[in-house]
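Notes for the one structure printed next.
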Amino acid sequence: MEWTRLEEVLGFAEQMGYTRIGLSHCVGLTTEAKQLKDIFEERFTVESVCCKFSGIDKKELNLTQIDCDRYEAICNPIGQAMILNDLKTDLNIIVGLCIGHDILFTKYSGAPVTTFIVKDRVTGHNPSVALYSSYYGKKFKKWNSTIPFHKCHV
């Protein structure tokens, strides 16, 4: 209870004897990924791959764009995992991948995966805030009463 998450990941990687760390990051958190890379490079070899590395245009796949007047690449979490697998990383760290993308990355990663930053733009990438805030508590009570959940039948 004295170490930050950063210190815990560094200590864990050292104790496990890892030498190669992979960073899988969102383009929107490039600054944070670079800061993390700089810290880890003091002790490890670090390989980093951005979600947009594939360069496949959304238009080629008829995907919805945020801005139709510019080029937009799709994200490729499976490709991120495959690249880090090819680079033979010992531990992969997620930095702000979207929900679903983080799941796919984890599924296809050959190395163990931990998350350093969870993407949550509303809470400044700190999703536990929703549990501590009275505003969010009220919001979820109202939300839970209006959204029907499907129950499993046994």
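Given Gly22, Gly28, Gly55, which one is surrounded by 12 or more Cβ atoms within 10 Å (Cβ to Cβ) and not in a strand (DSSP E or B)?
On the way: Gly22 fails: not in a strand (DSSP E or B); Gly55 fails: surrounded by 12 or more Cβ atoms within 10 Å (Cβ to Cβ).
Within the list Gly22, Gly28, Gly55, the selection yields Gly28.
Within segment 58-77, one or more residues are assigned to a helix (DSSP H, G or I) and closer than 26 Å to Arg5 by Cα. Among residues of segment 67-84 that are at pLDDT below 95, those with a beta-carbon under 8 Å from a residue that is loosely packed, with under 10 Cβ neighbours inside 10 Å and in a helix (DSSP H, G or I) at least six positions away or on a different chain give the pairs Ile74/Leu61.
Do we have any residue at all in segment 89-99 that's under 22 Å from Asp57 (Cα atoms), among the β-branched types (Val, Ile, Thr) and either in contact with a His (Cβ under 6 Å, 6 or more places away or on another chain) or in a loop (DSSP other than H, G, I, E, B) (or both)? Yes.
Each residue in segment 85-102 was checked for being more than 9 Å from the chain's Cα centre (by Cα) and without any contact (Cβ under 8 Å) to a residue 24 or more places away in the chain, and 2 pass.
The values are calculated or read from the model by the stated rules, or taken from the named source; none is laboratory data. What you see is a predicted model, and the numbers here were worked out from it, not measured in a lab. All Cβ positions, glycine included, derive from the backbone under ideal geometry; neighbour counts span all protein chains shown.
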